[in-house]
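First up is the structure itself, then whatever we jot down about it.
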Amino acid sequence: MDNPQKSGADLGRAFANGETDPVEALEHYLDRASDTTSVFITFTSERARAEALASRERWQRRKPLSQLDGVPVAWKDLFDIAGTVTTAGAAIFLDHPPAAADAKIVEMAARAGLVCVGKTNLVEFAYSGIGINPHFGTPHNPYGGEVVRVPGGSSSGSAVAVAAGAVPMAMGTDTAGSIRIPAAFNGLVGFKSSSRRYSQMGVFPLSRSLDSLGHLAHTVEDCVWLDELISSAGDEPLPHVDLAEQHFLVDDVILHDPRVEPSVRAHLERALDGLRDRGARVEYRKIDALHEVVELIAHLGWMVAPEVLAVHEAVLASSDAERLDPRVRKRLEGARDFPATSYVKLRWARERLVQQIARELDGAVLVLPTVAHVAPELAPLEKDMDRFFATNLATLRLTMLGSFLDMPGVALPTGLDPAGLPTSLLLSLPSGEDARLLQTALAVERAGLRVNVRPRSAALPP
């Protein structure tokens, strides 16, 4: 257990081979998790040890509940876990009563034998792509050396927990990029599902329209295995995908936008060259649906804003408003001026564009940069609110497109820039095509095109 980047699938195979057992593995991960700072809000160590012990006994009897039986997992603190408070990253929720039951998806994972380590930190109310939390601290990105970089948000703790080796996999939520962005900034694989693939019962909402769930892991294989255990879709896994038969479509206008940093573009182009070398068809073409979404957001706004306000309007009207992160409060207050007509127009346009993107892709897999830039420095964004808002919008700019169109997406690490910071590409398909997307991403991984990145420092910082 000396590999901080051991995948969940590798761990499951190690249990099957008798190389280690769930109890030994759990203690290793709990030790690493206890050394992290601001990554976890709540540990469920007692539950985890009981689950690991039961898993060890099942493996000894050769009757595991699944291939991932005994594998530790962490949950973003939006998921209800019985006996713990769901904080949603907000200090004002600390005095709420503990959850009476697990969220449906937590329950499904437990039935498959996964071990619940605890609940991870996040942006307050999950309302930012940067990852800052003034209440519980901001998890530090393990990349960047002595210059502290943002972890990405809102699933900041889930990403850093995996990147720092505190768990092999973690669950998050994604409304505008909250899985894909921290995956990109921390050199991880991040899977954002279509909104209906996983049950959201017992998951605290941000936007009922755009919320989706997903995984942060070291490998696509982990995401595929976990998806098979917790999906509510009921579809059969697709057969092996042959890259030589695949069509990948790149929006060249977006790719060559000057806001895309050179290393991000170069590493994506290198990955595309690898796809061509393996026989895949790679096409560059402007995709009208994406650009219409850009224009809609620019002129009408982001439709999440009034939905978030509806969830938290009572908090804003109370004395608790003074205790909110000022960045989050300012965004919530600004949503008061969102015109109802704009919200309705966005809803109507979304229905049409979800169908249009499927027609435009016509079976092709969309390839974009996950984020146009690498993880920015943390300190300037904590000090300057205007800079924070500008950087947050720039960070969310590309992932918002897939969220608006309810597209499942897989973020894949593509390399490190000259400063040692991860870059990432995003594979996406139309809404509901999660299984095909995962199998395609798995084929990309097995072809050696998903780059394994590690921080340059030998020791992962807390």
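A straight Cα-to-Cα reach below 14 Å connects LYS383 with the aspartates and glutamates ASP325, residues fewer than 8 places away in its own chain not being considered.
A convex hull fitted around the alpha carbon atoms of the chain yields 130 Å³ per residue. Stretching the chain fully between GLU313 and GLU228 yields a gain of 26.9 nm (0.36 nm per residue, less the alpha carbon separation).
Here the calculated FRET efficiency for ARG49 and ALA101, from their Cβ-Cβ distance with R0 = 22 Å, stands at 0.60, rounded to the nearest 0.05. For region 225-340, the carbon plus sulfur part of the accessible surface works out to 51%, probe radius 1.4 Å.
Accessible surface area normalised per residue over region 133-216 is 20 Å², counting heavy atoms of protein chains with a 1.4 Å rolling probe.
Projected over all directions and averaged, the alpha-carbon convex hull of region 109-260 occupies 11.5 nm². Measure up LYS6/LYS119; LYS6/LYS286; LYS104/LYS286 against 31 Å on the Cα-Cα distance and list the ones that go over. Checking Cα-Cα distances, LYS6/LYS286; LYS104/LYS286 exceed 31 Å.
Only helices enter the 222 nm calculation for the chain: every DSSP H run of n ≥ 4 contributes -39,500 (n - 2.57), and dividing by all residues gives -12000 deg cm²/dmol, rounded to 500. If r is the Cβ-Cβ distance from ALA419 to ARG387 and R0 is 22 Å, what FRET efficiency results, to the nearest 0.05? The calculated FRET efficiency here is 0.70. Per the Debye calculation on region 275-330 with a single equal scatterer at every Cα and no solvent contribution, log₁₀ I(q)/I(0) for q = 0.19 Å⁻¹ amounts to -0.80.
Placing a label point 7 Å from the Cα of ARG196 along the Cα-to-Cβ line, the residues of region 418-444 whose backbone N sits under 13 Å from it are 431-434. With an 8 Å Cα cut-off and a minimum separation of 6 or more residues, compute the relative contact order for the chain in percent. Once divided by the residue count of the chain, the mean separation gives 18 percent. The P(r) of region 43-95 has a tail past 15 Å containing 56 percent of all C-alpha pairs. Taking 7 Å steps out from each Cα toward its Cβ at GLU19 and GLU57 produces label points 2.7 nm apart. Taking a Cβ cut-off of under 11 Å around PHE389, the surrounding Lys, Arg, Asp and Glu residues balance to a net charge of +2, with basic ones at +1 and acidic ones at -1. When each of the peptides 355-365, 67-77, 315-325 is scored by the mean number of other C-beta atoms lying within 10 Å of its residues, the order from highest to lowest reads 67-77, 355-365, 315-325. Of the peptides 408-419, 177-188, 211-222, the order by per-residue mean of other Cβ atoms within 10 Å, starting with the highest, comes out as 177-188, 211-222, 408-419. Express as a percent, rounded to the nearest 5, the fraction of DSSP beta bridges in the chain (both residues included) that run antiparallel. That works out to approximately 65 percent antiparallel.
Convex hull volume of the Cα atoms of region 1-144, normalised per residue: 114 Å³. Using bins of 5 Å that start at zero, the share of Cα-Cα pairs per bin across region 225-335 amounts to 2, 9, 11, 10, 10, 12, 15, 13, 9, 6, 3, 1, 0, in whole %.
The values are calculated or read from the model by the stated rules, or taken from the named source; none is laboratory data. Everything quoted here is computed from the prediction, not taken from an experiment. Backbone-built Cβ (ideal geometry, glycine too); neighbour counts: all protein chains shown. In case anyone asks, the SASA skips ligands and DNA or RNA and just uses the protein heavy atoms, side chains included. Shrake-Rupley method; radii C 1.70, N 1.55, O 1.52, S 1.80 Å.
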